[in-house]
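The values are calculated or read from the model by the stated rules, or taken from the named source; none is laboratory data. A quick note: this is a predicted structure, and the numbers were derived from the prediction, not measured. Note that each Cβ is placed from the backbone with ideal geometry, even for glycine, and that neighbours are counted across all protein chains shown.
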Ligand SMILES: [Zn+2]
Ligand SMILES: [Zn+2]
């Protein structure tokens, strides 16, 4: 059974360069970030989340600033988030300044007895958190749905539209392939089988192109290369690293992927 919402997303995602599920996740992140900025900046519960996680991870901190600037042409939301966070960090630093932890690392006697004492928190403990970035959590949830829907669509015995669309894409990256392995259910076994077979074929072609590309360096660096050989390194980067945010260079893919 093909999820109609997913089918629509997939149709758009196969047209862009790089892993289609990376693209869908990036779209979902942008949408979520936009809702944080538009509706939740002054919402107390959201503010508590932001403080608990001490802001966002570096990737999403940049993305929040960029999304707001790009879509709204301003940076009010970003300023409000980080004004509050700056205040929180300042208070914590003030406390640390008043009660500095004794730095014991270089005291040989203390080092000796330390293993018998309860584990001491690091000096920067109050400036760290175990609470993950909210956008990362949301992105993982969105990944979960998209991976399952892809597997379901690829398993549909009465409709090969998902397979047809998937064959037009630049294929899943390594991370999304691993997620597919972990998230396949008995009902989506046929989809996983298709995905594995297709990935093996893609990797075989990639490996062949990389080998020829490398071997040509041995006898003549300027030896003519097919497009598939010439861009093999870039295809490998797309597979191992996934799609980058924003514009992605277009590698020419080998015939087997057209
Ligand atoms: Zn991906
Ligand atoms: Zn994050």
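Overview of results
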| read-out | value |
| --- | --- |
| Sole residue being within 16 Å of ligand 2 (Cβ to nearest atom), surrounded by 10 or more Cβ atoms within 10 Å (Cβ to Cβ) and closer than 26 Å to residue 246 by Cα, chosen from 74, 68 | 68 |
| Cβ-Cβ under 7 Å pairs, at least 6 apart or on other chains, the range 14-28 side within 16 Å of ligand 2 (Cβ to nearest atom), far side at pLDDT below 95 and in a loop (DSSP other than H, G, I, E, B) | 26/245 |
| Number of the exception - residue 128 against (1) away from ligand 1 (no atom under 16 Å from the Cβ); (2) in contact (Cβ under 8 Å) with a residue 40 or more places away in the chain; (3) surrounded by 12 or more Cβ atoms within 10 Å (Cβ to Cβ) | (3) |
| Qualifying residue in the range 215-237 (condition: within 23 Å of residue 26 (Cα to Cα) and in contact with a helix residue (DSSP H, G or I) (Cβ under 9 Å, 6 or more places away or on another chain)) | yes |
| Residue that is farthest from ligand 1 (Cβ to nearest atom), among those in the range 9-52 that are surrounded by fewer than 22 Cβ atoms within 10 Å (Cβ to Cβ) and under 15 Å from residue 168 (Cβ atoms) | 11 |
| Cβ-Cβ under 7 Å pairs, at least 6 apart or on other chains, the range 55-78 side closer than 15 Å to residue 139 by Cα and in contact (Cβ under 8 Å) with a residue 40 or more places away in the chain, far side within 16 Å of ligand 1 (Cβ to nearest atom) and assigned to a helix (DSSP H, G or I) | 57/136; 60/136; 63/29 |
| Residue list for the range 12-28, restricted to those being in contact with a helix residue (DSSP H, G or I) (Cβ under 8 Å, 6 or more places away or on another chain) and closer than 13 Å to residue 146 by Cα | 13, 19, 20, 21, 22, 23, 24, 25, 27, 28 |
| Pair list, Cβ < 7 Å and 6+ apart or interchain, from the range 237-252 residues that are without any contact (Cβ under 8 Å) to a residue 60 or more places away in the chain to residues that are assigned to a loop (DSSP other than H, G, I, E, B) | 252/231 |
| Breaking point among (1) under 21 Å from residue 6 (Cα atoms); (2) within 22 Å of the chain's Cα centre (by Cα); (3) buried (at least 19 other Cβ atoms within 10 Å of the Cβ), for residue 202 | (1) |
